[in-house]
Amino acid sequence: MLPLLPILLPLLVGIIVLIYPGKELKPGKNSVYFISLLTMLIALMTGIVIFAQGKTTYNLQLVPARDWSGPGINFDLIVDHFSGFILLASLFFGLLITIYSYRQKQKSYFAYLLMTIAASSLAILANNLVVLLLAWGGVAILLYLLIGLGRAGSEKAANKALVM
């Protein structure tokens, strides 16, 4: 259950931040920034614990395998030394990005950032090609939305990033 925490915590907090009332925030004095920062700190500490544990797996069978329905659909996550290290690095850089974003005025920026970190954590820990492709698509769409929040004309850069 522990490998789900760096995925579900930023995802759920990102969704909550997205529906948070108000559009513009005061730079440096907003609660959304501090909630995002606390979420990333908790996710990083969880990543440290996951990395220290070593090999861990999480299996959830969404559609059980039957004779008539094929092999079934599984939601599998696996943590070994390499994926644990990559997860730890990803969460660390996500924390640094969150710290650096203290002047950001848009709450949707923090929501998309947290959801992007959650989707990238899912892509890192995926042990199933379908889960990996869904997570990778989520990362692409969320990065498109995140880049599109920039200055005027950032739509071209967002389109280029999505195509690549």
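Among 46, 126, 158, flag the residue with its Cα farthest along the positive direction of the charge dipole of the chain, charges on Cβ as +1 for Lys/Arg and -1 for Asp/Glu.
It is 158, whose Cα lies furthest towards the positive end.
Using Cα springs under 10 Å in a Gaussian network model of the chain, which residue among 96, 88, 44 shows the largest mean-square fluctuation?
In this elastic network of the chain, the residue with the biggest mean-square fluctuation among 96, 88, 44 is 96.
On a 30 Å Cα-Cα criterion, which of the cross-link pairs 105/156; 55/160; 105/160 come out too long?
Cα-Cα > 30 Å for 55/160; rest within.
Give me the base-10 log of I(q)/I(0) for the chain at each q in 0.14 Å⁻¹, Debye formula, one uniform scatterer per Cα, rounded to two decimals.
Results for the chain at q = 0.14 Å⁻¹ read -0.75.
Where the accessible area of the chain is counted over protein heavy atoms with a 1.4 Å probe, how much of it, in %, is carbon and sulfur?
71
Ranked highest first by the average count of other Cβ atoms within 10 Å around their residues, in what order do 50-61, 116-127, 153-164, 7-18 fall?
The packing order, highest mean first, is 116-127, 7-18, 50-61, 153-164.
Using the alpha-carbon atoms, what tilt in degrees (0 to 90, nearest 10) does helix 129-148 show relative to the longest principal axis of the chain?
0
Taking the Cα centre as origin and putting +1 on Lys and Arg beta-carbons and -1 on Asp and Glu beta-carbons, what dipole magnitude results for the stretch 43-164, to the nearest 20 debye?
Charge dipole, the stretch 43-164, about its Cα centre: 580 debye, nearest 20.
For the stretch 43-53, take each phi angle, set θ = phi - 60°, evaluate the Karplus expression 6.51 cos²θ - 1.76 cosθ + 1.60, and give the result in whole Hz per residue in order, putting x for glycine and proline.
Couplings: 5, 5, 5, 5, x, 5, 5, 4, 5, 5, 5 Hz.
Give the angle, between 0 and 90 degrees and rounded to the nearest 10, that separates the Cα long axis of helix 5-18 from the longest principal axis of the Cα atoms of the chain.
Helix 5-18 sits at roughly 40 degrees to that axis.
Could you report the chain's accessible area per residue, 1.4 Å probe, as an integer in Å²?
Each residue of the chain exposes 60 Å² on average to a 1.4 Å probe.
The values are calculated or read from the model by the stated rules, or taken from the named source; none is laboratory data. It should be emphasised that the depicted structure is a prediction, and the values quoted were computed from it without experimental measurement. FYI the Cβ positions are ideal-geometry reconstructions off the backbone, even for glycines, and counts take in every protein chain you see. Side chains are part of the model used for accessible areas, which takes the heavy atoms of the whole protein and leaves out ligands, DNA and RNA. Shrake-Rupley method; radii C 1.70, N 1.55, O 1.52, S 1.80 Å.
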